[in-house]
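The next block holds one structure in the form of C-alpha cells; read it before the comments.
The values are calculated or read from the model by the stated rules, or taken from the named source; none is laboratory data. Everything numeric here is computed off the predicted structure, so don't read it as measured data. Every residue, glycine among them, receives a Cβ derived from its backbone with ideal geometry; neighbour counts consider all protein chains shown. Accessible surface areas use protein heavy atoms only, side chains included; no ligands, DNA or RNA. Shrake-Rupley method; radii C 1.70, N 1.55, O 1.52, S 1.80 Å.
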Amino acid sequence: QAQRANVQTIHHTLSTLLSMLTLTPSHREHLHTKRGLTDAQIDQFGFKSTPPPYLCRSLTEQLMKRGCTVQGVPGFYVNDSGKWTVKFHQRTSGILIPIRSVDGLTCGLQTRLDKPIRDKDDPPEKVGIKYLTLSSTGKQMGTSSKTPVHFVGDPCSRVVYVTEGALKADIVHALTGRSFAAMVG
C-alpha cells in the first residue's frame with residue numbers, strides 16, 4: 001500500500017481527472033429525469049461518467065504528464081505490468097460523483113453504478129450495491145479512500161443537515177439551498 005497523499009495532491013489529481021472526462025447522454029438524462037437536476041446544476045456539481053476500462057492506463061499517463069501525482073491517491077495503483085493505472089472496470093461503470101470537503105476540495109469519488117453488484121449467494125429480492133467509493137486498497141501501491149465526508153452549501157451556515165450519500169446531498173441542496181454534510185456508505 002502507498003502512503004496516502006496530502007489533501008491538496010488528492011484534490012489536484014482527482015479534479016484534473018474529472019476535467020478529462022465527460023458525462024454520457026444517458027447519464028445526463030438520468031440526472032434530469034430521475035433526479036430533477038438542470039444542466040447547470042449537473043455541471044456545477046461536476047458529475048461525469050466513468051471512463052471505459054481500456055482508457056485507464058492512458059488517462060493515468062496523461063495525468064502524470066500534466067504534473068499530477070497518482071501515488072497515494074485513492075483509485076490509482078500499479079498493475080501487473082508495472083504501470084500506473086486507475087481502478088475503473090466495466091462492472092463498476094456509472095456516474096462519478098465528486099466528494100468535496102467543507103473547504104471545497106475534491107477528496108474522493110463515488111460511482112453510482114449502472115447495474116448494482118450482487119453477490120452470487122444474495123437472495124433474489126436483494127437489489128445489490130448501488131454505490132462504490134473509488135479505492136485501490138489491496139492493489140500494488142494502492143490507497144484506501146478512507147471514509148470521506150461530502151459537504152455542499154455554506155460552510156458558515158448555522159444549520160447543517162446530515163444525510164447519507166453525496167448525490168442525495170447535492171440534489172437536496174440544489175432544491176432547497178440548505179447546507180448538507182453527507183456520509184458515504
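Computed quantities for the displayed model
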| read-out | value |
| --- | --- |
| Any pair with Cβ under 9 angstrom, 6 or more apart, that starts in the stretch 99-112 at a residue that is more than 18 Å from VAL162 (Cα to Cα) and ends at one that is polar (S, T, N, Q) and open to solvent by less than 10 Å² (accessible area, probe 1.4 Å) | THR106/THR13 |
| LEU55 being surrounded by fewer than 18 Cβ atoms within 10 Å (Cβ to Cβ), within 26 Å of ILE117 (Cβ to Cβ) and under 13 Å from the mean Cα position of the chain (by Cα) | no |
| Members of the stretch 120-161 that are over 15 Å from the mean Cα position of the chain (by Cα) and of a type in the set (Phe, Trp, Tyr) | TYR161 |
| Count of the stretch 85-111 residues which are touching a strand residue (DSSP E or B) at 6+ places or on another chain (Cβ under 6 Å) and open to solvent by 50 Å² or more (accessible area, probe 1.4 Å) | 2 |
| Members of the stretch 21-36 found to be in contact with a helix residue (DSSP H, G or I) (Cβ under 6 Å, 6 or more places away or on another chain) and open to solvent by 10 Å² or more (accessible area, probe 1.4 Å), listed by number | ARG35 |
| Residue within the stretch 83-92 that is of a type in the set (D, E, K, R), within 30 Å of ILE171 (Cα to Cα) and touching a Ser or Thr at 6+ places or on another chain (Cβ under 9 Å) present | yes |
| Given (1) among the hydroxyl-bearing types (Ser, Thr, Tyr); (2) under 18 Å from LYS115 (Cβ atoms); (3) surrounded by fewer than 18 Cβ atoms within 10 Å (Cβ to Cβ), number of the condition THR16 does not satisfy | (2) |
| Any hit, the stretch 64-73, residues being small (Gly, Ala, Ser), in contact with a Lys or Arg (Cβ under 8 Å, 6 or more places away or on another chain), touching a residue at least 60 places away in the same chain (Cβ under 8 Å) and buried (at least 16 other Cβ atoms within 10 Å of the Cβ) | yes |
| Out of THR143, THR147, sole residue that is of a type in the set (Val, Ile, Thr), at negative phi, in a loop (DSSP other than H, G, I, E, B) and at pLDDT 95 or above | THR143 |
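Let's see how each residue does on (1) open to solvent by less than 40 Å² (accessible area, probe 1.4 Å); (2) out of contact with any helix residue (DSSP H, G or I) (no Cβ under 9 Å at 6 or more places or on another chain); (3) within 22 Å of THR85 (Cβ to Cβ):
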| site | (1), (2), (3) |
| --- | --- |
| ILE117 | yes, no, yes |
| ASP121 | no, yes, no |
| GLU125 | no, yes, no |
| ILE129 | no, yes, no |
| GLY138 | no, yes, yes |
| SER145 | yes, yes, yes |
| PHE151 | yes, no, no |
| VAL159 | no, yes, no |
| THR163 | yes, no, no |
